[in-house]
Amino acid sequence: MTAAVELAPTGTASARVAHRVEKRRRALPPVTLVLAWAVIAIVFAWAVVPGWFAPAGPYDPVVTGLTGPSAAHPFGTDQVGRDQLARIVFGARESLLGAGIAVGLGLSVGVVLGAVSGSIGGIVDTVIMRIVDVLLAVPGLLLALTLVALLGTGTINTAIAVGIGSVAGFARLVRSEVVTVRASEYVEAAYGSGGSFFTVLFRHVLPNSLLPVLALFALQFGGAILALSTLGFLGYGVQPPDPEWGMIIAQGRNLLGAAPWVTAFPGLVILFVVLASNRISQSLGVRR
């Protein structure tokens, strides 16, 4: 009996310590999420201040011909002798600018269409959702190629093409959230207290509908990077000699046997950025 009495405080203390450790562990972000934000931060720093990270300029040759990765040139050089690290770093500006325009266009148009469709309903909802269904029925790359053929090449035009393809996803998500929030009790109470349609929409419905949109924004950002790199690889994006990740891969596609680093390093950068965006999107979705 005495032993049991003496062990009880120890067990209780151990439980408290274990509870504190578990609480602290849950408070810390997962390692993968920290790494994902670190990847995005580094790439954005490349785009804003590329001169801090690049050992040379992206246009002028630093050596003669191809050289493998070394201390002087960590990513090697291309067939012209230009430093690959410099071209990838300076290419981040075009890739992130295009992705930002694409996702921003999809977000702004999609939110408007989804909010109008979900809040008004009726024939307006039917018409908008049928247009969204048509956009979803066309493969994204095919739609982007068609629009680029109409608009022309370049970062802005390819970004607009990719952005139009992302409108449908934002519109459907926002409509779904608006319909759900509109049926909640606090929205009905807001209408009952004399709130107008637009007041309730902008003060109660939209603010409580946009959290999932943040998760989709992060997911679509990675998708836009991948789509723009694909268009750049096909020759529809930035034109040489300006650097862009997809175009850099395209320039090295005939050198895979002799110089795999020319395509491997920009490909890995794209891979890490897309995976980081997906991880951030997942974390935002879990918090919902």
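What about Ala54, is it modelled with pLDDT of 80 or more, closer than 23 Å to Val274 by Cβ, touching a Leu at 6+ places or on another chain (Cβ under 8 Å) and not in a helix (DSSP H, G or I)? Talk me through it step by step, then tell me what you get.
Numbers: modelled with pLDDT of 80 or more: yes; closer than 23 Å to Val274 by Cβ: yes; touching a Leu at 6+ places or on another chain (Cβ under 8 Å): yes; not in a helix (DSSP H, G or I): yes.
Yes.
Scanning the range 239-255 for residues being closer than 16 Å to Ile270 by Cα, in a loop (DSSP other than H, G, I, E, B) and over 20 Å from the mean Cα position of the chain (by Cα) gives a total of 2. Of all residues in the range 113-124, those that are touching a residue at least 40 places away in the same chain (Cβ under 8 Å) have Cβ atoms under 8 Å from Cβ atoms of residues that are among the acidic types (Asp, Glu), 6 or more apart or on another chain, in Gly114/Glu177; Ser117/Asp125; Gly118/Asp125; Gly118/Glu177.
Return yes when Ile249 is free of Cβ contacts under 8 Å to residues at least 40 places away in the same chain, within 23 Å of Gly57 (Cα to Cα), of a type in the set (A, V, I, L, M) and crowded, with 16+ Cβ neighbours inside 10 Å and no when it is not. Answer is yes for this residue. A residue that is in contact with a Pro (Cβ under 6 Å, 6 or more places away or on another chain) and closer than 26 Å to Ala259 by Cα can be found somewhere in the range 52-69. Here Ala137 meets each of (1) buried (at least 21 other Cβ atoms within 10 Å of the Cβ); (2) free of Cβ contacts under 8 Å to residues at least 12 places away in the same chain with one exception, condition (1).
Being buried (at least 23 other Cβ atoms within 10 Å of the Cβ) and either farther than 19 Å from Leu96 by Cβ or at pLDDT below 75 (or both) is true for just one of Phe202, Phe170, Phe197. Which residue is that?
Values: Phe202 fails: buried (at least 23 other Cβ atoms within 10 Å of the Cβ); Phe197 fails: buried (at least 23 other Cβ atoms within 10 Å of the Cβ).
Exactly one residue qualifies, and that residue is Phe170.
The values are calculated or read from the model by the stated rules, or taken from the named source; none is laboratory data. No experiment lies behind these values; they were computed from the predicted model shown. All Cβ positions, glycine included, derive from the backbone under ideal geometry; neighbour counts span all protein chains shown.
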